[in-house]
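The values are calculated or read from the model by the stated rules, or taken from the named source; none is laboratory data. Everything quoted here is computed from the prediction, not taken from an experiment. We place every Cβ from the backbone using ideal geometry, glycine too, and count neighbours over all the protein chains shown.
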Amino acid sequence: MGSGQGILQKETADNGEDIKSLSLSELAEELAACGEKSFRAKQMYEWMHVKLARDFAEMTNLSKELRGQCSRRYRYTTLEALRVQESAIDGTKKFLFKLYDGNLVESVWMRYKHGNSVCISSQVGCRMGCRFCASTLDGLERNLLPSEMLDQIYSITRLIGERVSHVVVMGTGEPLDNYENLLRFIRMLTDENGLHISQRNITVSTCGIVPRMRMLAGEGLQITLALSLHAVTDEKRRELMPIANRYSIGELMEACRYYFEKTGRRITFEYSLVGGVNDTDEDAVRLAALAAPLGCHVNLIPVNPIKERDFVQSETARIMAFKNKLEKKQINVTIRREMGRDIDGACGQLRRKELTQEEAAVSPIREE
């Protein structure tokens with residue numbers, strides 16, 4: 001049994017066990033203990049993870065008695081969409097969801113030629129402290145359960161009315177800091193009894209927790225791993241990302257090499273271009289030297305400015321010069337499309353705006 005099928009990490013489940021985070025076999029055991037036949041578990045699992053039922057009441061081929069018993073015994077995770085913003089530029093939609101305990105998370109839906117993609121959060125807040133990211137400004141509140149990660153996709157699918165084909169775990173939070181719940185989420189999302197999204201259509205982003213990267217390599221998954229690199233020297237990376245104080249770029253590259261050798265899956269380097277900080281020709285040459293031995297794809301990200309930081313986006317000419325420098329070194333490189341810029345599209349921006357507004361609403365007004 002892989003580590004993703006181990007003991008479920010429970011997060012303040014004070015009103016019953018989280019039934020939507022159970023695998024099909026675990027659900028069968030639960031219902032068998034209630035005296036139900038095994039096929040009932042398959043029916044209920046399908047309601048939760050294929051038909052995307054919002055509660056037990058919608059499961060019309062189950063007895064009223066069983067539905068009532070389950071509603072009293074288990075917590076059924078369904079996220080509440082507090083706010084939906086749609087970009088007038090490209091149709092991207094950003095969702096602010098309320099969790100059962102009042103916490104907020106955000107997700108983004110994007111339409112591409114290859115299908116619909118959803119970027120989900122893995123934690124409420126983040127403790128990694130990356131200096132250009134709004135997600136980490138208020139620290140980490142808690143991990144998300146598998147059901148809470150899944151229901152970001154389920155809720156968006158219900159609201160949009162279209163199937164999601166690609167999932168990116170690159171929203172608020174560090175996915176590998178919520179390791180066991182992340183693995184369970186991936187296995188449930190790709191299971192043939194659920195939405196059955198291809199593992200090759202799932203991308204998990206990490207700021208570089210080296211031991212977890214090595215663990216992930218041994219899980220037998222075929223997902224894409226994206227490393228948030230953002231700098232090519234340890235000194236510069238430490239200025240941008242506190243995690244660099246624990247793991248050097250040399251250690252990161254060894255972990256990337258190990259992951260590639262174990263999985264055969266090419267790693268993506270995510271590189272946020274910050275004007276005057278990490279966007280020089282020398283940076284590009286060094287980035288090419290890191291990417292080439294691993295055959296890495298480089299995804300350049302014009303940084304999203306946030307008001308709490310003084311970082312600025314590189315000028316367009318500089319971005320193109322950086323890209324051209326990489327291409328001359330035979331590096332496969334793309335520039336991420338800036339989707340949802342007009343709707344607080346960057347990680348953590350919408351959630352932080354909502355929290356700030358709530359604080360303003362309850363804070364007394366002081367006259368000078």
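Values as computed for the structure displayed
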| item | result |
| --- | --- |
| Check on Leu182, within 17 Å of Met213 (Cα to Cα) and under 13 Å from the mean Cα position of the chain (by Cα) | yes |
| Residue list for the range 224-248, restricted to those being under 18 Å from Ala288 (Cα atoms) and either outside the structural domain of Val168 (by TED's automatic domain parsing) or part of a loop (DSSP other than H, G, I, E, B) (or both) | Leu229, His230, Ala231, Val232, Thr233, Ser248 |
| Residue count for the range 91-119, restricted to those that are within 20 Å of Val204 (Cβ to Cβ) and of a type in the set (Asp, Glu) | 1 |
| Test for Arg200: is it in contact (Cβ under 8 Å) with a residue 40 or more places away in the chain, surrounded by fewer than 20 Cβ atoms within 10 Å (Cβ to Cβ) and among the basic types (Lys, Arg) | no |
| Count - residues of the range 112-149 that are within 22 Å of Ser23 (Cα to Cα) and among the small types (Gly, Ala, Ser) | 3 |
| Helices (runs of 4 or more DSSP H) lying entirely in the range 249-332 (those with 2 or more residues that are of a type in the set (Phe, Trp, Tyr) and in the same structural domain as Thr224 (by TED's automatic domain parsing)) | 249-263 |
| Residue in the range 38-57 that is surrounded by the fewest Cβ atoms within 10 Å (Cβ to Cβ), counting only those that are of a type in the set (Lys, Arg) and more than 16 Å from Met188 (Cα to Cα) | Arg54 |
| Subset of the range 205-223 [in contact (Cβ under 8 Å) with a residue 40 or more places away in the chain, part of a loop (DSSP other than H, G, I, E, B) and β-branched (Val, Ile, Thr)] | Ile223 |
